Each structure stands twice: as structure tokens, then as C-alpha cells.
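Please read the structure below before turning to the comments.
Quick note: the coordinates plus some simple rules give every number you see, no bench work behind them. Just so you know, these numbers come straight off a predicted model, no measurement behind them. Cβ: placed from backbone, ideal geometry, glycine included. Neighbour counts: every protein chain shown.
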């Protein structure tokens, strides 16, 4: 299966790509299924399972599901309209979706959190049902939100598992492993970004690709800027205070006094990442990179490159994002980018690998150095759990993105100091992440049943 740069990076809404965006997309897909059905519908119901149940309230999964059933989509999300729609549904117990009759839906009775065993396909499962006028179920589908805003029906998940190793994507450079990627680069004389671009051109024009990439960076950069201006307390009950603006103000003041210590550059990287993830926690517009929970790492490293590296050029943005998406695709294809599946190593770890490889590429690294940078960054996130306090993407997630950005830059720098030769390959590291995720206890995989989530008071 070919994963486009526009699959890996999707404009959406916080706080979670798997728990907010994914359920909204799944609900929209169910509406499409209803529209093509010959049945006459009278209502809809939804049940959330596994991690979607355990941390669903903190991730606004219930709200996202209802809004998806009302026709909302992450890429075009309107916050004000959403609040009006939710209030109307709560009052009237009716959903109005284009192309369908008015549908009965009582949020308190027709959306349930199932805290039993997860559904068999994935930790993030949900069942959507449509009923007739008497309330009998006449259409039903199971969906899995598999991370990064990607959604598969139960049937699609089975097909994907059965066909994963059978056919390669019909693109010029169909690499599915790091070793294949480097071999194809050596044989073709192309960089990772150039091969990725050639693959993208199979589906879109160069103009469309350029415009799409420019749009992605614009949204990322705007998110950083909004985050650096935001003040107040983040929603959810933990009373976490926004910190990015205060850090930004302090850094600007220190710069004016010419008293900046060399290590302060780390604070700038953390600032950019934390700004994004504070916006994400507040339900703002972000770009999956590769997920919402890890959305700050890559934009922070790209902003660091553009604003702080001598000789940096905006002409390198496309190379940065194309390289990053190639590495992210390897992580997703061969392991996971889902915290509910493999812990935070799959989210912030994958994000750091993507950002580190991209930075090494735009700084002139060879393909071997770029692969080495990704491996270093991922290796030193292995084993990281996903244990959000109160099920919110706030603690430890916001700071963790800052540290992930710092690790990404350090990994790229370290790789560029060498010649690309190294002992542990990216493929080995990704496989280790997969195995570690499989071995990790469920309470450490986005259920808020272990780790910081049970050792930090929720209020």
C-alpha cells in the first residue's frame, strides 16, 4: 500500500488523531454507508471499545463521534458550529445529516463506553449501528482507528493484514524497509525525498504536490504561532496552565539582553513543540505528524532549522517533509504509529525519527546518514509508555514533544558527525519497537490505567 505524504500529514483537529479525528472520520464513513443503503433509517447508536473507551472522555472521543455522525470532518472542522450542533443534538435528541432523514440520537443513551475487553482487531475499536423507526438495528459496521487519523473497517483491517506482504505499491520506488530504501537510492542515485516525490507524482501533479506541502507547513507554522500567543488554562480538569507564551516572552527578553547561554537553543526547540501541543490539547487545528499526540516534534525541528540554522532555506521545506513522510511510512508499515497499540515510542518515537531524518537530509546528509539519524532518534525512545494523566493529551505529552524535538536534532547532528556506518539498522529498530509494543502491558498503552496516569492526582 502506498502512503502519501498527505496520508502521513493530515490537517485535523485536537486533541487526538486516533481518539478524536479517527472516530469522526469513522462516523462520516458510516453516514456514507447509510446513504448507499436501501433501508429507511430512524436512528443511530455508537459504542466505544478498548482505549477509545478508557481515555475517550479525555480525548473528546464521544464529542467527535457525535459530530462525525452530524457530518463534521477533521479537515474542515468549525469549532463554533460544532458547539452549536452538539447543543442542538443534546436538546432535541436528533441528528440532521445531509442526504439522510432526521435520526434519533440521545447522547446519554445511544453512545456507550464499553470498558470490557478490546475488540479483536485493534485497541481502538468502535461499533456504529443504524436503526429503523422501531429502534431495531438494521445496519452495523465496526471501525478501527489505527493511529494518525487512519481508519479501517473490520473487513478492511482483515484484508490489509492478509495482503500486507503480497503486493508492493505500483510506484517507481516501492520500498517497504529501510534497507530497500537505501538500496533503491544507491541504484538510482536519488535522495529519499527525490524517490518519494517520484512516487507522489504517480498520483498528483507537481503543482498539486507543491501546493499541498506548502499548505501543510502553513498550518504547522500557524499552529506554532498561535500556541506562542495562547494563555490560560487548558480544558479537561487538570488545570494545566499554558506555558509556551511565557517561555517565548522570556527567551525574547534574554535575547535582547545578549545573555543567552548556548544550551538555551534547547528551550527554543521545546517552545515550538510545546506551542503546538498546547494548541492540540485545546482542540485547535493541527497536522498529524504522524499523530496529534506527537504533532509538535516535527514542526519544532523544521522551525528550528528555518529560524536558527545558518544558511537555512524555505526551498528545503518540501525535501524535509517528503523525507519525514518516507520514514514515517516505514514505521507505520512495519510497526505502528499508534500509542494504543505500541505506546508512546510509536508516536513521539516515530515523530523524532521522522524529524531527525528530515533534518539530516536538508543539512546535506547522505542517505546512509539520514537512515542513521532516524535510527538513533527512534532507538532512544524504545520502551516509552503512553500513560496520559486523566486520559488527556497534556501530561506528559506536551513536554514529551519538546524533548522529542531535542532528541531529533541531537540524533541528526550525531549521524552527520559519522559516515553513515552503524551497528543497529533502522529496520532492526522498527522491528524492536513492534516487538516491545506487543510485549508492553495494556495499562501502558493509552488506557490511563498505569504509570503517571495512576500516580498523579487527576484534580
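Odds and ends about this structure:
- Helix-derived mean residue ellipticity, 222 nm - over the chain, DSSP H n ≥ 4, -39500 (n - 2.57), to 500: -15500 deg cm²/dmol
- Crossing angle, helix 154-163 versus the chain [Cα axis fit, 0-90 degrees, rounded to tens]: 40 degrees
- Here r is the Cβ-Cβ distance between residue 254 and residue 106 and R0 is 51 Å; the resulting FRET efficiency, rounded to 0.05, is 0.40.
- For the stretch 252-292 and the stretch 201-221, distance of Cα centres in Å: 24 Å
- Euclidean distance between Cα centres, the stretch 327-349 to the stretch 101-131, Å: 26 Å
- Projected-area mean, the stretch 16-155, by convex hull of Cα positions, square nanometres: 7.8 nm²
- Coordinate range of the alpha-carbon atoms in the stretch 259-361 per principal axis, descending: 44, 30, 24 Å.
- For the pair residue 2 and residue 167, the difference between a 0.36 nm per residue extended length and the Cα-Cα distance amounts to 58.3 nm.
- Contour minus Cα-Cα distance for residue 115 and residue 32 (0.36 nm per residue): 27.1 nm
- Take every Cα pair under 8 Å whose residues are at least 6 apart in sequence, average their separation, divide by the length of the chain, and the relative contact order is 18 percent.
- Between residue 194 and residue 133, full extension at 0.36 nm per residue minus the direct alpha carbon distance yields a gain of 16.4 nm.
- Take 323-335, 389-401 and order them by the average number of nearby Cβ atoms within 10 Å per residue, most first; the result is 323-335, 389-401.
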